[in-house]
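What follows is one structure encoded as structure tokens, with my remarks underneath.
Read the figures in this text as sums done on the coordinates, not as results from a lab. Values in this document were obtained by computation on a predicted structure and should not be read as measured data. No Cβ is skipped: glycine too gets one built from the backbone with ideal geometry, and neighbour counts run over all protein chains shown.
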Amino acid sequence: MDKAKKTAIAQHVFEKESVSVRASSLASSYLLSGNPYFDEEYVDGVRSVTAEEVQAVAQRYLVDNRMNVAVIKPPHTEVQNVAAAECPPQNTLPVEFSRMNNGLKILIKQDANLPFVTLQLWGAGGLSLETLDRPGLSAFTAGLLTAGTESMQKLDLLRKVENAGGEMGVQSDNNTYHVSIKVLKEDFDWALDLLADIVQNAQFPQDEIEKQRQDTLIAINKLDESWQAEVMRLFKKNYFQKTSYVNDKLGTSESVGSFTREEIVAFYRKMVNPTHSALAIYGDIDPDRTRDLVQQKFGKWNGAPVENPMPDETHRIGENHTIEIKNEKNSSGLFIGTNGLDINNAERPVLDVLTSVLSGGGSPAGRIFDSLRGGEQNLVYTVSTFPFYGKNAGFFGVITQTTMANLPKVEKVIQQNLKRLKDELVPQSELEKAKENMLVGLKLARQTLSSQASDAALNEVLGLGWDYSQHYPDLVKAVTAKQVRDMARRLFTNTLIARTLPERPVEILAAPPAVRGDVRM
């Protein structure tokens, strides 16, 4: 009963970060109860519910002879997760930044608008910390961080978070590892204990290693089921030659099949290291008490600085080159890549604005979208552009999916758009619209406490400074049309094109399936 209450309260509180949910709450509360602030009384109501009341409601409403069942069974199910726009906290204090003696950077932000706390630990790791001959070791190690500690087995650890209605996640990316916990404010102390226990005392039991090995091998075999993953892997394997960014995050069947516990523990001590990590704690907390608790829990966490120099791979493409493979899919995947910038390059805002000009800054707009999907154009299923920023490595690319018949025209249209940026200045009105689209998208993406905490800790770990996002809008606003043209001229000199070609192509863009007549009543 306590677990059910905690889960209901936590879910109710966590989702109130969203602008749309808050607005809906006010409207629906007023419509249904005459009190727009009814939801504020909901939590107290949940706490007062008794087991007898739950049983009475179940007996009244969960009656078999009053049950209707509707089942929809599509031949293929695709689930899309659409993130809600989220609202910013209103009455907050500035972020407090400090550095512990062991090198761990601490970011604390008090925000009492909602009664929860988010803990975000980021550190240098991911592909950039791997070697070319041991691909997948970072993701494999990160995935086992919650597989048990000296004091708690995996099931106990997961149940503790679940019973509190909390959320926990671990991840390994291109340049970082990440551990996050989100709980109601009354659970903050044990959540901090748990995070400290995970990063300092992970045990990597052999049976959990074997379970993850089997799961990872299955996932590796399914990598190319995604057309995006397949064409991106093809590009990366032909672009990166000297750095571990060529690795697949999951690794290979050979590497994963040979990982030993000793190797995993050694990599864990190298990656999960206070000297290159940052811990952000945002939420309904007392900053002074939080700082003292962090010192108590993480003060004895030690590690030696790790140097992992990366050779320059920002300008790999010296001449035009095309690679292609055949597959059993029905449509063509296309990735047109160019040289790029590394993650610490001061001109990143220029390339970001250029990207927004081409693809709308995260929304379905921009020159390339309009040329291929806008108006009456229907040449591709989907298209987007993006830069990849790595440590001393980077590229820029356009990715799309189309039919074999449309492929030559689509490729030509994309090349024309890249050339146009080199030849012409972007009109000022178009430039300002691209900036606005981009900044609005970024603001929406960074409104929740969790996203703010992640953003600050990540930027600190990457060497950009925890407050980089606070200065970033001014950097974007200062970008000129000439800078965009100069950037295009510097990066778009040559292209590396990756194509995946279907052996049995479908030569029309698929229409929605017809309504079937097999619904049973």
Task: Equivalent-ellipsoid semi-axes of the stretch 255-301, from the Cα gyration tensor, Å, largest first - done: 33, 12, 8
Open item on the list: Tell me the angle of helix 407-423 to the major Cα principal axis of the chain, expressed in degrees between 0 and 90 and rounded to the nearest ten.
Closed with: 90 degrees
TODO: Using the Karplus curve 6.51 cos²θ - 1.76 cosθ + 1.60 with θ = phi - 60°, work out ³J(HN,Hα) for each residue of the stretch 228-235 in order, rounded to whole Hz, and write x for Gly and Pro.
DONE: 5, 4, 5, 6, 5, 5, 4, 5
- [ ] Would you mind checking the tilt of helix 468-477 against the longest principal axis of the Cα atoms of the chain, expressed as 0 to 90 degrees and rounded to 10?
- [x] 40 degrees
Open item on the list: Cut-off is 10 Å between beta-carbons; in what order do K433, K419 appear when sorted fewest neighbours first?
Closed with: K419, K433
TODO: If a/c stays under 1.5 just call it rounded; otherwise compare a/b with b/c (prolate if a/b is bigger, oblate if not). Do that for the stretch 170-210, with a ≥ b ≥ c from the square roots of the Cα gyration tensor eigenvalues.
DONE: oblate
TODO: Of the listed pairs K185/K297; K105/K211; K237/K326, which have alpha-carbon separations greater than 23 Å here?
DONE: K105/K211
- [ ] Note the full-extension length gain between E150 and E436 as 0.36 nm times their separation in residues minus their Cα-Cα distance, in nm to one decimal.
- [x] 97.9 nm
Task: Rounded to 10°, Cα long-axis angle of helix 154-163 versus longest principal axis of the chain - done: 70 degrees
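In deg cm²/dmol and to the nearest 500, what is the mean residue ellipticity at 222 nm of the chain if only DSSP H runs of at least 4 residues count, each as -39500 (n - 2.57), divided by the residue total?
It lands at -13500 deg cm²/dmol.
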TODO: May I ask you to derive the FRET efficiency for D193 and E254 from their Cβ-Cβ distance with R0 = 51 Å, giving the value to the nearest 0.05?
DONE: 0.85
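Using Cβ counts within 10 Å as a stand-in for footprinting exposure, how do R47, R60 rank, fewest first?
So the ranking, lowest neighbour count to highest, is R60, R47.
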Open item on the list: Between the stretch 175-216 and the stretch 394-416, what is the separation of their alpha carbon centroids in Å?
Closed with: 42 Å
Task: Karplus 3J(HN,Hα) series, Hz, for the stretch 318-329 with 6.51 cos²θ - 1.76 cosθ + 1.60 (x for Gly, Pro) - done: x, 8, 5, 8, 10, 10, 8, 9, 9, 9, 9, 7
Task: Interchain or long-range residues, amide H under 5 Å from S384's placed H - done: I399
Open item on the list: If amide hydrogens are placed 1.01 Å from N in the peptide plane, which non-local residues have theirs closer than 5 Å to the one on N327?
Closed with: L501, E503
